[in-house]
Amino acid sequence: MSFDFSKWINKYDAVAPDEKIQYRDSSGNLKEEKDPKLGSISQAFQQRGYILREELRQIGRWKAGGRIDHHLKKNNQTFVERRSKVAFQSSADEDKVNALTELKGVRVPVASTIMTMADPTRYAVLDYRAFRALGAAIPQLLNPQNYHQYIEFMDGFQDYGTDPSAYSFYLNQVRNIAQQEGITPREVDMALWAFDKHQT
């Protein structure tokens, strides 16, 4: 693969917004995730088995810059715990997305962010930049002669915000890249995002 994932992972910090995310550790102390690969927050979420309402709002601010906070704050603590617990315990990716998108203000990209923060070794953040950059990493996706893949890519890009199947398509591509490159899905999305950001 000619796309230089190592280069773009290393450039991620230089082009990404300098926004840190806060979470509660196992002692209930407020911590700040400093690692863009999300190792500390992942450990906290996995140990607890769910997220807190304040963490949901933090994730929303990190992902959407506060645009959805007025929706997210309508969720009560119990519902956030319940839906995130269902998502974390589900084995099917689509079930995880469906459980999280029952929360007010959570669409597929924020659900993908929660899943990635819970397990960056299996999931990747869905973002229009990263989705669009798949075409640079996998040029055959942009070749209309590969009609089925081309249509799936174009449809997925158009509907990525609301269609869980678009995330499934994206995640399958990202996981294949991760396996080929010996990196995590989170690192793949970091590289794709940084590449696209650098182009604009």
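So how tilted is helix 128-137 from the main axis of the chain? Cα-based, degrees 0 to 90, rounded to 10.
Taking the Cα atoms of the chain, the angle to 128-137 is about 30 degrees.
For the stretch 104-110, just list the computed ³J(HN,Hα) in residue order, Karplus coefficients 6.51, -1.76 and 1.60, θ = phi - 60°, integers in Hz, with x standing in for Gly and Pro.
Residue by residue, the stretch 104-110 yields 4, x, 9, 10, 4, x, 6 Hz.
Hey, how much of the P(r) for the stretch 17-118 falls beyond 21 Å, as a percent of Cα pairs?
25
Across the stretch 187-193, in residue order, what do the Karplus-derived ³J(HN,Hα) couplings come to in whole Hz, using 6.51 cos²θ - 1.76 cosθ + 1.60 with θ = phi - 60° and x for Gly and Pro?
Listing the rounded values in order: 5, 5, 5, 4, 5, 4, 4 Hz.
Which whole-Hz ³J(HN,Hα) couplings does the stretch 4-18 yield from phi under the Karplus relation 6.51 cos²θ - 1.76 cosθ + 1.60, θ = phi - 60°, glycine and proline marked x?
So the J values, rounded to whole Hz, are 8, 5, 4, 4, 6, 4, 5, 7, 3, 4, 6, 9, 6, x, 7.
What percent do you get for the relative contact order of the stretch 17-118 when only Cα pairs under 8 Å and 6+ apart count?
26
Below 23 Å, Cα to Cα, which lysines can residue 11 reach? Residues fewer than 8 away in the same chain don't count.
20, 34, 37, 63, 197
For the chain, what does the relative contact order come out to in percent, with C-alpha contacts under 8 Å and a separation of six or more?
24
Every number in this text was worked out from the coordinates using simple rules, so none of it is lab data. None of the values given here were measured: they were computed from a predicted structure.
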